[in-house]
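The block underneath contains the structure these notes are about, expressed in structure tokens.
The values are calculated or read from the model by the stated rules, or taken from the named source; none is laboratory data. Everything quoted here is computed from the prediction, not taken from an experiment. For neighbour counting, all protein chains shown are included, and Cβ atoms are generated from backbone atoms with ideal geometry for every residue, glycine included. Note: areas computed on protein heavy atoms with side chains; ligands, DNA, RNA excluded. Shrake-Rupley method; radii C 1.70, N 1.55, O 1.52, S 1.80 Å.
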Amino acid sequence: FIMTDATSAPAAAAPGPVAGLGILAIVVVWVFAWAIIGTMLFSDLTLFGGFLLLWHWANLEALEIKRMPATIAGALVGIALAWQVVYLTQQMGSTGTIIGLLIMVAAIYLQIIAAIPFLFNAAAMLFLTVAAAPLIQLKVDFVGLAISTVVGAVFFGAAVEGLKRIAARFGPAA
């Protein structure tokens, strides 16, 4: 099925080898910083939310800040979709599981037809896929995962935008 919506960012040209090493060094520093800060704020089982959001935003949205709100919204929808199956199963047994799965199917359909792409987008499907994996779904604190995802988005969004401003100030004039 379709994994990106019509408003996804266009792909940028790949950097050269030297620029690639510079970018890698910056990425390593920021990922290390998030790991340190994140482990002080979140459990080991929820810290991945910020990293997963960064992966999606970098690879599918080309680090475009204007795509961050839809990325965050989609991620939270995906987390909620995974959570609701667990919740409904706990409340209603197998009937709740069936209802929860039907809700998931409806959400996937909305993403396929690009209805409400701000909410039902590639980020939603990525987070649904990961958060609904049994080893995660049965152990993760969904509220903590949602908070880690949003805080990670703010952290990485601020870092990337700050680096873009520094690069624009000190880089060659376009």
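Put a plus charge on the Cβ of each Lys and Arg, a minus charge on the Cβ of each Asp and Glu, and nothing anywhere else: the dipole of the chain about its Cα centre is then about 280 debye. The mean accessible area for residues of the chain, using a 1.4 Å probe and ignoring ligands and nucleic acids, is 57 Å² per residue.
For the chain, what is the convex hull volume of its Cα atoms per residue in Å³? Write out the running numbers ahead of the final one.
Working: hull volume 21.5 nm³, N = 174.
Cα convex hull per residue, to the nearest whole number: 124 Å³.
Taking all C-alpha pairs of the stretch 73-128, those more than 17 Å from each other amount to 33 percent.
Overall shape of the stretch 51-144 was characterised from the C-alpha gyration tensor. The equivalent ellipsoid obtained from it has semi-axes of 25, 15, 9 Å, in decreasing order.
3J(HN,Hα) along the stretch 159-170: 4, 5, 5, x, 5, 4, 5, 5, 4, 5, 6, 9 Hz, from the Karplus curve 6.51 cos²θ - 1.76 cosθ + 1.60 with θ = phi - 60°, whole Hz, x for Gly and Pro.
Would you compute, from DSSP H runs of 4+ residues alone, the mean residue ellipticity of the chain at 222 nm, taking -39500 (n - 2.57) per run and dividing by the full residue count, rounded to the nearest 500?
One gets -24500 deg cm²/dmol as the mean residue ellipticity at 222 nm.
What's the carbon and sulfur percent of the stretch 55-122's accessible surface, probe 1.4 angstrom, rounded to a whole number? Carbon plus sulfur share of accessible area: 75 percent.
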